[in-house]
Amino acid sequence: MKKTILLSFCLLLQLIANQIFGQNAVKPVVDDYLIPATSAVIGGYVGGKLDASYQNRILVQDVNRLIEPFRNRTEDRCWQSEFWGKWFTSAILAYKYRPEPKLKSILDQAVSGLLSTQTPDGYIGNYADNKHLDQWDIWGRKYCMLGLLAYYDLTNDKKSILAVRKLADHLIKELSESKSLIVKKGNHHGMAASSVLEPICQLYSRTGDQRYLDFASEIVRQWETSDGPQLISKSGINVSERFPKPKNWFGPEQGQKAYEMMSCYEGLLELYRLTGKPEYLKAVEATWQSIFDTEINITGSGSSVECWFGGKHLQTMHIDHYQETCVTATWIKLSQQLLRLTGESKYADAIEQTWYNALLGAMFQDGADWAKYSPLAGKRLQGSEQCGMGLNCCTASGPRGLFTLPLTAVMADKDGISINFFAEGSYKLQLPGGKSVEVVQQTNYPVSGNITVKVLLTKEEKIKVRIRIPEWSKQNQLSVNGEAVANVTPGSYAEISKTWKSGDAISLTTDMRGRIVRIGERPEYIAIVRGPIVLCRDARLGTPHVDETLYPIINKEGNINLEQVAINQGGIWMKFKSSFILESHQEGGTKPQEITFCDFASAGNTLDEQSWFRVWLPQSYDPRK
């Protein structure tokens with residue numbers, strides 16, 4: 001009896017301590033390899049895009065409209081309850097990048113407004129009492145938890161963490177009392193509902209309450225039942241082939257839903273950090289590779305009608321509802337998780353490809369809105385409003401991918417610094433030993449491939465600097481204070497270990513030669529890529545027609561010569577011209593003609609019906625070849 005009382009008392013003390021001391025109640029079993037920067041100030045084109053989204057999307061959101069459904073609680077099928085959390089987590093990332101008082105005030109109001117809707121039993125949601133757990137109810141609760149946890153991490157506000165606990169306790173109680181399996185709730189083999197795994201794991205790490213870890217483990221156990229999505233046991237199967245094509249595309253039997261699947265794997269990585277079980281990481285790594293190999297297109301995204309469909313080899317076709325922006329943003333977020341955990345360059349390469357092409361291509365020029373779908377040919381089209389909320393899921397999700405970049409461009413690791421992405425600006429880091437360092441990047445990358453990095457220290461330090469050499473960059477020049485660095489390998493990090501003096505400079509020149517990418521045989525298509533940027537034909541760039549058959553003139557090195565035309569002119573970021581042979585029925589052929597291309601993010605991005613664009617250029621079939 002005394003022993004039981006003592007254990008109960010110790011548990012009580014632990015819970016009290018967790019409430020007092022906040023975020024680090026549980027030390028993870030697995031630490032991240034990389035630690036985000038403490039602050040960043042980014043300039044140039046990238047900084048302009050971040051500023052546009054900050055000013056015209058994050059700050060202008062009508063927060064009361066996002067909260068209103070939580071007051072009504074009459075829903076039985078829609079997903080209004082996701083919008084608060086999506087916008088809020090975007091806004092938290094934006095605030096961490098640029099902590100302005102105006103945004104902080106909006107965040108405070110958003111939290112107090114949401115908390116005012118919490119019912120005495122702990123529920124925060126918009127579903128009618130007799131419809132709890134159905135459709136998108138648990139999915140919406142997940143986003144409320146994620147937002148409130150992010151606010152707690154930012155402010156250490158005890159009301160927000162208490163609200164998350166009450167919300168989680170209420171969910172666990174409802175599932176228990178109704179004898180319901182979470183994988184049988186909602187749609188998509190339970191992936192939407194069971195993606196609540198992510199905030200449940202975060203809640204355990206911040207409170208140390210064993211019940212939340214038990215609930216997380218139970219979710220994963222249910223995944224592997226016949227009713228579940230089998231996200232671990234099927235991780236070796238291509239994501240488009242795990243289940244038969246459903247009769248109801250958006251129903252419970254749809255197991256290929258891209259966004260929800262990746263959200264579940266984000267949660268599994270959180271559970272991996274807490275448990276260290278290698279099968280969790282292996283399942284996510286295998287699935288990531290499957291997505292990359294079979295789904296991700298040349299601009300860095302995929303999915304049709306929001307689902308995986310084996311689309312990588314089909315990307316030259318006109319595809320229905322292609323590459324949803326929610327999928328694009330979540331692919332970036334999942335890749336960011338794996339980059340932080342492993343430090344592997346392939347994840348940074350993938351993020352860069354997606355961020356500069358599919359993500360920026362979905363963002364309207366002024367940052368006020370986002371496309372719901374982004375084709376590789378045709379025209380940009382505005383997405384429709386959803387659930388009477390004045391926006392759609394992708395408008396809310398786009399900034400969640402955008403604002404992952406600032407504090408991950410340069411990160412700390414246990415030995416020093418990791419330079420993952422190249423963007424003009426200043427990055428401040430706290431190294432594991434407590435020492436501070438500032439990294440300054442001077443570059444207009446990817447307009448040019450020239451990057452200068454200066455390391456600023458209070459005193460001389462022996463640290464290791466890792467700098468990513470992109471996989472596509474086959475010819476590189478890397479030096480420190482003018483002295484060449486040997487053994488620079490594309491698709492990896494070059495490691496420079498030395499005693500650094502403040503002001504020491506790293507110079508990297510990447511390979512910006514134009515590359516031809518080919519796909520298919522009958523018919524064959526080509527695309528042109530320069531650095532990480534996919535180039536397009538656009539109707540604004542003059543004749544010939546964007547669908548004209550063009551034959552590139554390839555130099556002896558196998559590349560295409562590109563001449564820069566303009567930078568950020570007429571709403572177009574980058575323009576390049578090169579010589580092509582046009583299709584002709586003349587016996588002697590035609591003379592080369594200069595054709596202008598622009599970057600994918602700018603192509604057609606005016607909502608102008610005349611602004612047709614195309615990535616993949618058709619090639620005529622020649623039986624002589």
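Give the relative contact order (percent, whole number) for the stretch 504-599; include only Cα pairs under 8 Å separated by 6+ residues. Worked out over the stretch 504-599, it gives 24 percent. For the chain, the C-alpha radius of gyration divided by 2.2 N^0.38 Å, with N the number of residues, is 0.99. A simple spin-label model places the labels of LEU457 and LYS591 6.0 nm from each other, with each point 7 Å out along Cα-to-Cβ. Highest average first, the peptides 58-66, 75-83, 260-268 ordered by how many other beta carbon atoms sit within 10 Å of their residues are 260-268, 75-83, 58-66. Restricting the GluC sites (Glu not before Pro) of the stretch 407-478 to loop positions (DSSP other than H, G, I, E, B) with no more than 14 neighbouring Cβ atoms within 10 Å leaves GLU460.
Taking label points 7 Å from Cα along the Cα-to-Cβ direction, ASP62 and ASP108 give a separation of 2.4 nm. If the segment from THR74 to LYS498 were pulled out straight at 0.36 nm per residue, it would be longer than the present Cα-Cα gap by 146.4 nm.
Per the Cα gyration tensor, the stretch 411-509 maps to an equivalent ellipsoid with semi-axes of 21, 14, 13 Å, ordered largest to smallest.
Take every pair of alpha-carbon atoms less than 8 Å apart whose residues are at least six positions apart; their mean separation over the length of the chain yields a relative contact order of 13 percent.
Only the coordinates and a few stated rules stand behind these numbers; no lab work does. Note that the structure is a prediction, hence the values are computed from the model and not measured. All Cβ positions, even for glycine, are placed from backbone atoms using ideal geometry, and neighbour counts span all protein chains on display.
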